[in-house]
1. If amide hydrogens are placed 1.01 Å from N in the peptide plane, which non-local residues have theirs closer than 5 Å to the one on A:Asn188?
2. Across segment A:376-386, in residue order, what do the Karplus-derived ³J(HN,Hα) couplings come to in whole Hz, using 6.51 cos²θ - 1.76 cosθ + 1.60 with θ = phi - 60° and x for Gly and Pro?
3. Compute the distance from the alpha-carbon center of segment A:1036-1087 to that of segment A:845-893, in whole Å.
4. Kindly list the residues of segment A:132-154 that lie in the label zone of A:Ala105, defined by a backbone N under 16 Å from the point 7 Å along the Cα-to-C-beta vector.
5. Would you calculate the separation in nanometres between label points at B:Val55 and A:Ala48, each defined as 7 Å from the Cα along the Cα-to-beta-carbon direction?
6. Rg to Rh ratio, segment A:804-940, alpha-carbon atoms and Kirkwood radius?
7. Starting from the Cα gyration tensor of segment A:642-712, take the square roots of the eigenvalues, sort them a ≥ b ≥ c, and report rounded, prolate or oblate (rounded when a/c is under 1.5, otherwise prolate if a/b is larger than b/c, else oblate).
8. Helix A:564-576 versus the longest principal axis of chain A: what angle, 0 to 90°, nearest 10, using Cα atoms?
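No lab work stands behind these numbers, since they all come straight from the coordinates. Just so it is clear, the structure is predicted and the values come from calculations on it, not from any experiment. Cβ: placed from backbone, ideal geometry, glycine included. Neighbour counts: every protein chain shown.
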Amino acid sequence: MRQPIVRTCALALLLALVAPGCATRGRKILVDDNIARLKRDIEKVQFAVGSTKRLMARARGKQYLAGLYYRLAELYIEQARYFYLIALERQKLAAKKKGVPASSAVVSVQTRMLKNLAISTFKRLLALFPDYEDAPKVRFFIGHELRELGDYEKMISTYEELIEKHPGSNYRLEALLVLGDHFFDKANLDAAERYYARVLTGKESHVHAMARYKLAWCKLNRGDCAGALKLFEAAVDAATRLGGTSTDSQGKQINLQREALVDLVYCYTDKRKWENSIQYFRARGQSKPIYLAALRKLANRYYIKQKWPASALIHRELLRLEPSAEDAVEYGERLYDSLVKGKLFTNADSDVLALLTVVRLLPQNLALSSSDRKKIGAAYEKYTRFLATQAHEQANRSRERDELLRAAAAYRAYLRAFGDHEKADLIRGNLAEVNYATGKYLDAAAGYEAISRRQKGKEREDSIYTAVVAYDKALRSPKDLSRLDTVLARSGLRRAGRRYLRLFPRAAKGKEIKFNIARTFFDAGDFEEAIPLLKAFVEEFTQQRDATVAAHLVLDAYRTMDDFRGLIAAGKAFGKTRGLGDATFRSEVAAIVKGAENQLLSSETIKAGTGRGGDLEAIARKYKGTALGGAALVNAFVAADNARDAPKMFSIGEQIIENYPANKEAPKILSAMAKIAMDTFQFERGAKYLEQSGKRQRGADAATVYLAAAEVRAGLGQRDRARRDLAQALAAGAGANAADTAVKVVELDLDARDWNAAQQTLGRLATAGVSNGTLDYFAGYAALRSGDLAQAASKLQSAAASGDKTARAAAQYYLAEASFSAFQQQGLATDLAQLGASLQRKLGLMEQVKAQFAKAASVGDATWTVAALNRLSVVAGEGARSLEEAQLPGSVPPAVQQQIRTALNRSAGQMRSEAKEALKQCVKVVRKLQVMSAAAKACLKSKTTDVDPQKRKLAKDLSSDTPPDVADLRKQLAKNPGRVDLITRLARAYLAVKNAHAARVVASKGLENKPNSAKLLNILGVASAMLGDPQAALENFSKALTSEPNYDFARANKARVLKRYGYKKEAAAERKRLSNPSISRDEPEVL
Amino acid sequence: MSAPQHAHHLFCLALLTLCGCGTGSLSHTIDADKLSEASRQGQIVAFDAENAVVVALNQLDAAREALSELSVQKRRAERRLRRARKKGGEREQVARAYERYIEARIELQQTNIIGRKLGVLSARANAELAKALVLAREGLLGSRAELRKFRDQAREWSRRLRRHRKIVSKGQARVEKHERRYWKARARYVSASGDHNNEMWLD
């Protein structure tokens, strides 16, 4: 395997060596070739000359003959040129062989001869064709050839002829220019100026720019810089307008714009201000090369003149324009030289940038060796460092902000180029200082932070601390910072601050740094971070002034987060912290905490109200025993009230009463609880709350509440409690409005035949000035029953004179009863002498009683009318009986006795008739008004009765029990207090346990929701009947049947009441209408 | 029961609230096609009710975001604990207390998120009820029993939400307890070492 590889390699090497030899060698262009080519050209032209001549021979007399002449002259000129070029090539060749430079002077006989031939041909043309249209051109060419032949005299005369004969031709201006140049070359400036000036008098043309340029040089040569400058400027402007290049009088192409601009530099430096030079040349230099060429000359000129500011300006501009690497070094040196010599450090930023261009271009400068490049780079590091620091020093002296900013820019430029240099940290420090001084705190802070990493000891501490301060200052001017800057500044402060704390944990400045770190989080809205830091700050520096600021920030943070619980806890903790702030601070914190408590309550109450949570009870639990806890419970109570959540209201209300008995809202809460209890049919509970509310109030408020409680108690038949509540109301100042309640309370005592209790209450009422007809009647009645007849008479008379019909009737009735007692007690004398008088008195009393009962009957109250009529019958009967049973004295003769007895019997008979008539009248009224009372019942039986109408016949088995198993019913009612079915069930339950009072109250309240509910009306009727009010019972049963005619319970009850009070027919009629006659009496709502 | 166990129980309790009665979604919804039969005014009412769902969803997003922020704090707490372990003593206890405090906050936030999910479902149930009411008013729903289903559904989610709030309240109390413990531990450490910087300023 090895041999083939070696062979292949050898072959490849051989091919590589041979291959170049096989390639076609490039042909060397020799001078001989040029000469040969020129000779061939001459032959071609010679052929053309011959052809032209043959044509001319054939074209005699033809119009185009002039053109052939012209063409022939041109061919001669062309041929002459070829000969000239041949001579030139040969001269170059000879000079090369000799090794000397080729001379520009070339001698060619053929050329001269051919040129002369051309001139003579042109002249023959003009002679043969004097009106030839291109005559100016022909003359110009003649002049041109003469000039080349060195025959200047003839040339001048030829051009003068042209100028004279062809004033409108462009060749005239060309001729003038050539003549001007001729004299300029001859140093005949006057003549030259004349010719140039003649050009300028003509219409603006392509030669004007050149004429001005030449004329400017004339002026320059004369030392008239101002004039020269104007003409150069005009030449530049004209050349700019024309564009492109111009041709001089010798036919050489030149860029007139460039030449004029460069040439005017000399005069510019003398006549114009250097400060405007950049603008001046930039405006006129149409391209970068032209501008650069002018600047280059200008820089050189100023540098030579040692005009340092100008030199620096132009060199700076040159470097800015990215010159070649080689030029850059020169410009850089000169710039630095100018700056240092002129002590020009105010534009250090631009200068450093310009000098750094040199450094940047150094790698491209192949003319320099590597070591030279390094040396130059090192030099420029020093240059730029020197310039920047000089600028900084100067700015420090002047304290001018602009100068400081330039120094900062110079430092930054330096650091971009030499960031790794050993001196760079020094410059960074300087830069940070400048940034700080100019208010660029963020940059300053970053700078200090960066240099601190390379420092040690005190320097490092100062740098880190200054960085923190700078970050802080940056953050204090938020308008100057973008959002990113703000974030950077905050994170920078935290970073630098923590570094400081880590490196210098015992330093006194730690306090300030900690505060600022915490503050950055606060300002950024990152309260979760800020709060613990600020709290820690307060803990550590409790007794220092900033601690109170930190504490306030903590509270602010909590408030901003709407974390009122946190705020309260922190505020209270601050309030308890010993040594933290003064009394003012503590009062401020207390006010804040108070406000937070209110806000917490408000927010939670709003939430609770909108169903979005809001755990006020949790707050109450947490702050139990405090004002906040109490207020939370009150608000929770209000929320529950708004939500009609009765169980919650009771639960919260009980908590308030138990834990905050002195809460000023307690009475209102108790009243509200009472109302809700009433609304949910928990009357006894309601009365209890009212009593508790009354205990916490004074004056009219207490009186109102106690009166309400008394009313409820009375309704429930709880006469002791009702009496007590009424007494409390009166003691609290209840006035006339207590009368109605008092009637109900006293009525209970009267029903219970408890005259003492009734009189006690009535005595209190009288002391309190509470009275009305009914109360007077009750007082009279009670006094009557307890044997105090005088009091009874007094009160009954008052009642009888009152406006209350029932009271008036009743009072009148019992006044009559008192008289009736007197009548009954009035006996007849057994002594004949006194018999007449005693009889007369008795009959008088009887008339009085009758009159009083008649008066009672006439008041118009059905019950009392019936009772009075029945009593009238009794009185008449009693009168008759008295007369009939009168014992006559035995001493009276029998005949007289008979006469007297007859007279008495007659009178007794009349009285019996009156008694019957009264009963008839009573029956009539009873039938008419369907009165339900014992008297009515007696009347219907044509009997009299002794039953006291005021005495009610209560059911024997009445109780005040609460029915079992109504808790759930109550809960349901609490949620739906308007549900009649539930109310009916509750009322029925009360009836079932014979609590007629409660049943009546429940049914009455239920009827407020549904006034025509047959079931409730029936229950109300049953309760009324049980409580001894058959009239009301009948009325309710009737109403129930009106509402629901087929309601058997009501009908059966009605029948039973009717029957019980003697209405047998009516009762039978009602029973007949029963759809189910066998109604069980076990049902509670059946009597 | 230890603190983490307690927290775990709270979280489980919260989860049970969410999933309490079967699935965590609505049983009764109104079909969009059916709603399109309603009047324009009715549709506006229904769409208005949907706003509450959007609000609830926003709150859920905010809660999730807060949880992710807390996870950053959790990592920091772990870092602090690792560092403090090397020193041992009171400093480790401070770091441990801090970690527990953050854990309690995370648990609370997780519970909050469940609450927010319940809030979304409750809001949806209310929105469906609002739609059902619109349809019922316009005679498009059918029987009254149908409407009752929506009422019951809304009531049930509302009830679960209320129940969940109590769990959140417990979690809040737990966070406060751990925060207090952390500050106490730190106070002990500071008084013993005089070092105010570590475990606070030098994170």
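1. none
2. Once θ is set to phi - 60°, the couplings for segment A:376-386 become 4, x, 4, 5, 6, 4, 5, 3, 5, 4, 4 Hz.
3. Segment A:1036-1087 and segment A:845-893 have Cα centres spaced 37 Å from each other.
4. A:149-151
5. Computed distance between label sites B:Val55 and A:Ala48 equals 10.2 nm.
6. Taking Rg over the Kirkwood Rh, I get 1.07.
7. Cα axes put segment A:642-712 in the oblate bin.
8. For helix A:564-576, the angle is close to 90 degrees.
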